[in-house]
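Working notes, beginning with the structure itself.
The values are calculated or read from the model by the stated rules, or taken from the named source; none is laboratory data. Values in this document were obtained by computation on a predicted structure and should not be read as measured data. Cβ placement follows ideal geometry from the backbone for every residue including glycine, while neighbour counts extend to all protein chains displayed.
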Amino acid sequence: MKRVLVGMTGASGATYGVDFLRKFPGEKHLVLSKWAKMVLQTECGLSESDLAPLVQATFNDQDLSAPFASGSNRHDACLLLPASASTVGKIAAGIGDTLITRAAQVALKERMPLIVGVRETPLSTITLEALHKLSLAGAIVFPLSPPFYGNPKTLEELVGATTNKLLRLLGVDVPGGWREEDLE
């Protein structure tokens, strides 16, 4: 993986997007929705400018002329971390009215990996149907529910375990898989 686009929406769980931006070794580009900025501040005490050192560039969610709005600009994956139910519904309905929803549509139509880190609970039937539709279209539905098999002791370890699963999904070699030592 060389270049990824991370879209953060207004769902709770901004820490997952932040942790991914800190750990992904490749080129990262970021789009924050209006509500993602509020959640980022509320949950993490961070602003958009605090994330700037972690990324190559940040794009305005209203800028549909940004490079990631076009399939002619290739990237290795588009991740929505976290993805709100509203964003999921828009993408599944073919609505590309923001850079995040348009970039997700581009990823699907160009057959680039789209990882939808949904952070919503419980899930309504409508959201489940939208996630099913996205999965059928090629998206990877990735509920942001952390694994506990590593016996995490802190919130950072718990979030990090989820981030590590995302990194592995993108081909990044990260130690600590379930019973990994049994493979050696």
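Key figures
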read-out: Residues of the stretch 4-54 classified as among the hydrophobic types (A, V, I, L, M, F, W, C), buried (at least 18 other Cβ atoms within 10 Å of the Cβ), within 21 Å of D173 (Cα to Cα) and in contact with a helix residue (DSSP H, G or I) (Cβ under 8 Å, 6 or more places away or on another chain), total; value: 6
read-out: Meets criteria (small (G, A, S), at pLDDT 95 or above, under 23 Å from T15 (Cβ atoms) and not in a loop (DSSP other than H, G, I, E, B)) for A107; value: no
read-out: Pairs with Cβ under 8 Å, 6+ apart, first in the stretch 121-141 and in a loop (DSSP other than H, G, I, E, B) and at pLDDT 95 or above, second loosely packed, with under 13 Cβ neighbours inside 10 Å and of a type outside the set (S, T, N, Q); value: G138/R111
read-out: First in the stretch 96-110 and touching a residue at least 40 places away in the same chain (Cβ under 8 Å), second anywhere and hydroxyl-bearing (S, T, Y) and assigned to a helix (DSSP H, G or I), Cβ under 9 Å, 6 or more apart; value: T98/T87; I100/T87; A104/T87
read-out: Qualifying residue in the stretch 20-32 (condition: farther than 18 Å from L167 by Cβ, modelled with pLDDT of 95 or more and within 16 Å of the chain's Cα centre (by Cα)); value: yes
